[in-house]
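What follows is calculated from the coordinates using simple rules that are stated; it is not laboratory data. Computed from a prediction, not measured in an experiment: that's the story for all the values here. Because the Cβ atoms are built from the backbone with ideal geometry, glycine has one as well, and the counts that use them run over all protein chains shown.
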Amino acid sequence: MAFLTPTLLLLVLLDLGAAEFNISSISGLLSPALAESFLVALPPCHLTGGTAALTVRRINETTGLTHNFIVPPCRGRRDLVSVVYSSGSFTVTRLSAYQVTNLIPGTSYYVSYSVVKGNTIESSNRVRMATLPRRKVETLGLGMARTGGMIVITVLLSVAMFLLVVGFIVALVLGARK
Amino acid sequence: MAKGDSSVRCFQGLLIFGNVIIGMCGIALTAECIFFVSDQHSLYHLLEATDNDDIYGAAWIGIFVGICLFCLSVLGIRGHHEMQAENLLLFQYFILMFIVYAFEVASSITAAVQRDFFTTNLFLRQMLERYQNKSQSNNDDIWKNREVTKTWDRLMLLEKCCGVNGPSDWQKYKSAFRDVNNDADYPWPHQCCVMDTLYKPLNLDACKLGVSGYYHSKGCYELISGPMNRHAWGVAWFGFAILCWTFCVLLGTMFYWSRIEY
């Protein structure tokens, strides 16, 4: 089952429409792409307190999962990165997003909202989001990085060893002849 | 050529000097190889698990070769000082030097060749297959998995890095870690999170989402390959330098023995 509570961090700038609003994907912008989940921006501030229904379905399917949650309050406006506390040496950034989990790696999904607040229902555009594909370990090639160094050292030392043995035999022969 | 000639004595002096250098280099090689075998960075288990630990074998050979070179240099100096007509000391010196020379050749070539095995994929594959692998197939595997897990945990916590290339290694590839931990709670190990002074994650949620500043995005490969490359280069090329010098000294000694000694 997916998380029901949104996690706190980045925010997304949203266009305000009459009965429609736009969302955009923020996965991969300030955090790395994940294989089994992605981050979806929250609905805009004027829908705070409403019941949001986030529909996630695979590209070639007709039905998907719906996640329900209450739209959390805004702090000022919903910005991409809002600096909450800055004290010279460090800055605290806040992110507000919804994390959809338990997805299949390497698949594309369509994501859209439908928010009910009071008597109004607002829906969002449909955004296409994809999860990172996950490869098998066996696909990793284990070839050696061949360098010239090992050829050089092997050749030189083998030749040196050979010359020493030859030199020793010659020295023995010359010495015995005397 | 008579043994008392000044040029002969000069040549003898040079060979004695050559042996002194061999003795000192032998001690230096022993000290260097003891340093490498002591494994200051505790990375041995990563190599042992891939059956690629021959650079440690080369370092062990280097320790004993160094001691032997020192002893043989003393023998060589003694041999050059002998005033007897029949000098067997130099003959024994040659035989023993060949044996030591052969061992050092083996050590240098092994270290130089094994170094070329250290690629990112080698450590990545081993990490993905063994880290937190709890399968009980055989005792050897259980031991290796446990040691690899301990080494990686220590590496990631102390060196503030994650995975071989970065935390995305845990996302891009299937792994034993992924089989025992669900992706939502553990996109990567919690050892990759930025820790406070009590070694607890500063903000676990931020770490799990990959917000910069709350997790370590740097890979550990440089911290593994750096010490190992230095180890392999030190054993291989210092050994090669000693062998070059020893080669010249041995050739000079053979010439001295055959032309002058008899």
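Largest mean-square fluctuation among B:Cys193, B:Cys248, B:Cys161, in a Gaussian network model of chain B whose springs join Cα atoms under 10 Å apart, belongs to B:Cys248.
Considering only B:Ile21, B:Ile77, B:Ile95, the Gaussian network model of chain B with Cα springs below 10 Å gives its largest mean-square fluctuation to B:Ile95. Quick check: from the Cα gyration tensor, does the range B:1-67 come out rounded (a/c under 1.5), prolate or oblate? It comes out prolate by the Cα gyration axes.
Take peptide B:131-143, look around each residue's Cβ out to 10 angstrom, count Cβ atoms belonging to other protein chains, and average those counts. Write out the running numbers ahead of the final one.
Values: counts 0, 0, 0, 0, 0, 0, 0, 0, 0, 0, 0, 0, 0.
Partner Cβ neighbours, averaged per residue: 0.
Measuring between alpha carbons in the structure, the pairs from A:Lys136/B:Lys218; B:Lys160/B:Lys200; B:Lys160/B:Lys208; B:Lys172/B:Lys200 lying more than 20 angstrom apart are A:Lys136/B:Lys218; B:Lys172/B:Lys200.
Counting only other chains, and only Cβ atoms inside 10 Å, what mean value do you get across the residues of A:102-115? Mind showing how you got there, number by number?
Working: counts 3, 2, 0, 4, 0, 0, 0, 0, 0, 0, 0, 0, 0, 0.
Other-chain Cβ atoms within 10 Å of each residue's Cβ, averaged: 1.
Measure nothing but the geometry: give the 0 to 90° angle between the long axis through the Cα atoms of B:221-256 and the longest principal axis through the Cα atoms of chain B, rounded to 10°. Orientation of helix B:221-256: about 10 degrees from the principal axis. Under the simplified labelling scheme, the B:Trp237-A:Thr147 pair shows an inter-label distance of 0.7 nm, with each label point 7 Å from Cα along Cα→Cβ. The label-point distance for B:Asn138 and B:Leu202, in a model that sets each label 7 Å from Cα toward Cβ, rounds to 4.6 nm. Sorting B:196-208, A:141-153 by average packing, meaning the other beta carbons within 10 Å per residue, from highest down gives B:196-208, A:141-153. Per residue of B:111-118, other chain Cβ atoms within 10 Å of the residue Cβ number 5 on average. For chain B, the gyration tensor built on C-alpha atoms gives a prolate shape. Its axis ratio a/c (a ≥ b ≥ c) is at least 1.5, and a/b is the larger of a/b and b/c.
Which net charge results for the neighbourhood of B:Thr120, defined as the other residues with beta-carbon distances under 14 angstrom from its beta-carbon, given Lys and Arg at +1 and Asp and Glu at -1? Intermediate values should be presented prior to the final figure.
Working: positive: B:Arg125, B:Lys172, B:Lys218; negative: B:Asp116, B:Asp169, B:Glu222.
Here the count lands on 0.
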